[in-house]
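Structure first, commentary second.
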Amino acid sequence: MKKVLPIGAAVICGLLVLADFFIPDPQINALGAILVEGVIILAGFALLLGILNILAVHARRAVSAEKGRGPSILLIIALLATCAVGIAFPVSGATAWLFDYLYYPLQSTMTALLAFFVVSAAYRTFRLHNVEALILLVSGLFLLFAQLSFSEAISPYIPALRGWILAIPVTAAVRGIILGTALGTIATSLRILLAIDKPYAGE
């Protein structure tokens, strides 16, 4: 019974939300809206629990004698300060100021640091083991060169070729990735709806 009830509730709720997208019935639409609103509420509580868990973990690390407790103290202060500003001044530009002048610069700094890891990964990827790696290397180097400001002065065909590569081969690859992700999502959803996978029922 401990497994049957969660499985039955998940299958029924999933079928109702799925039917809401295909059947224009007012009662089914109302049930689907209630279920979606419930998911939003649960997501809000999950976010709150995540914040409390982060505070608990880093608070234990901050009061201990560990070497890396400095970043934990800084994280707690930043988290509490941001929450306090958002609660005390909900309609002011204070929160936007925090994001514009603190969060986004830090995000840009992290992205700039990740660029070194991207270069390292690209070096390992572009090793010429086969013809596919050669094509990837040549196209990658060409696109990097085509992004430079003086590339158009060298030849007017470079921007056109760059646009063709981005519009045809790159778009085709991205669409293939999106289709594969969508098919995987559908397959996973069907396995849950058919009770083949039961992550919500425990072992």
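The values are calculated or read from the model by the stated rules, or taken from the named source; none is laboratory data. Quick caveat, the model's predicted, so the values are computed rather than measured. In this analysis, Cβ positions are derived from the backbone assuming ideal geometry, glycine residues included, and neighbour counts consider all displayed protein chains. Areas reflect the complete protein model, heavy atoms only, side chains present, ligands, DNA and RNA absent. Shrake-Rupley method; radii C 1.70, N 1.55, O 1.52, S 1.80 Å.
General remarks:
- Residue count for the range 137-162, restricted to those that are more than 30 Å from the chain's Cα centre (by Cα) and polar (S, T, N, Q): 3
- The requirement of being touching a helix residue (DSSP H, G or I) at 6+ places or on another chain (Cβ under 6 Å) and without any contact (Cβ under 8 Å) to a residue 60 or more places away in the chain is satisfied by I158.
- Residue match in the range 66-80 (condition: at pLDDT 85 or above, open to solvent by 90 Å² or more (accessible area, probe 1.4 Å) and among the polar types (S, T, N, Q)): no
- Checked against the criterion of being assigned to a helix (DSSP H, G or I) and at pLDDT 90 or above, the candidates A43, A10 yield just one match: A43.
- Condition check for Y157: out of contact with any strand residue (DSSP E or B) (no Cβ under 7 Å at 6 or more places or on another chain), open to solvent by 80 Å² or more (accessible area, probe 1.4 Å), under 30 Å from V85 (Cβ atoms) and not β-branched (V, I, T): no
- Scan of the range 108-136 for residues that are open to solvent by 90 Å² or more (accessible area, probe 1.4 Å), part of a helix (DSSP H, G or I), modelled with pLDDT under 80 and not aromatic (F, W, Y), ordered by number: V118, V119, R124, V131, E132, I135
- Number of residues in the range 15-63 that are under 30 Å from L74 (Cα atoms) and open to solvent by less than 80 Å² (accessible area, probe 1.4 Å): the value is 12.
- Screening the candidates V170, V174 for the property of being surrounded by 12 or more Cβ atoms within 10 Å (Cβ to Cβ), at pLDDT 80 or above and under 22 Å from the mean Cα position of the chain (by Cα) yields one hit, V170.
- Of everything in the range 83-107 that is open to solvent by less than 60 Å² (accessible area, probe 1.4 Å) and β-branched (V, I, T), the residue that is nearest to I54 (Cα to Cα) is V85.
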